[in-house]
Amino acid sequence: MSGCGVSGTWNLITRLYNTGNRDYTETYPGFADDNPILVSASPTMNLISSCDGRIFLANWGNGYIVSKSFVPNPSEKYDCVNGACIKKSVYSTPGIYQSLSDCEVACGTGCSGQCISNSDWAQIEGLSSQLKNRNCG
């Protein structure tokens, strides 16, 4: 993930000055906060990210953006299950968290960022089952 948000695709409809009213549909991979803009690079323009200045396309031409929209990439969602972030597809859970990092932040809150590893938990379960048969009276 970039500092410019969720990854996806920007769909732009553009118009060059020297082509009359003809519109062009263009797509560029990027991030939600990119908000592509045209910046003069005389005699042409560069299409750049307004988030981090990354160049989508140099020497774009001379025109303007008619409209733009962002479509996020489909991604695996996560849920916090017993203090661990698990892909929603593992147990058919709802997928509350949009990314692993979002889940880790929320899931870590319940256990102060420290969770018992699967091997440690298996050891605890094993010791617990041994104690079931003992008389602790």
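Here are some notes:
- Residues that are without any contact (Cβ under 8 Å) to a residue 24 or more places away in the chain, touching a helix residue (DSSP H, G or I) at 6+ places or on another chain (Cβ under 9 Å) and on the phi > 0 side of the Ramachandran plot, drawn from segment 83-104: Gly95
- Sub-9 Å Cβ pairs linking a first residue in segment 5-28 that is of a type in the set (Lys, Arg) to a second residue that is open to solvent by 50 Å² or more (accessible area, probe 1.4 Å) and in a strand (DSSP E or B), at least 6 apart or interchain, are Arg15/Asp23; Arg15/Tyr24; Arg15/Tyr64; Arg15/Val66, ordered by first then second residue.
- Residue check for Asp102: under 22 Å from Gly8 (Cβ atoms), open to solvent by 40 Å² or more (accessible area, probe 1.4 Å), assigned to a helix (DSSP H, G or I) and of a type outside the set (A, V, I, L, M): yes
- In segment 19-74, residue least open to solvent (accessible area, probe 1.4 Å) [restricted to those that are in contact with a Leu (Cβ under 9 Å, 6 or more places away or on another chain) and assigned to a loop (DSSP other than H, G, I, E, B)]: Pro36
- For segment 67-86, a tally of residues being at pLDDT below 80, more than 13 Å from the chain's Cα centre (by Cα) and more than 30 Å from Ser119 (Cβ to Cβ) returns 0.
The values are calculated or read from the model by the stated rules, or taken from the named source; none is laboratory data. Keep in mind that this is a model prediction, so the values were computed, not measured. Because the Cβ atoms are built from the backbone with ideal geometry, glycine has one as well, and the counts that use them run over all protein chains shown. These accessible areas exclude ligands, DNA and RNA; they are computed on the full protein's heavy atoms, side chains included. Shrake-Rupley method; radii C 1.70, N 1.55, O 1.52, S 1.80 Å.
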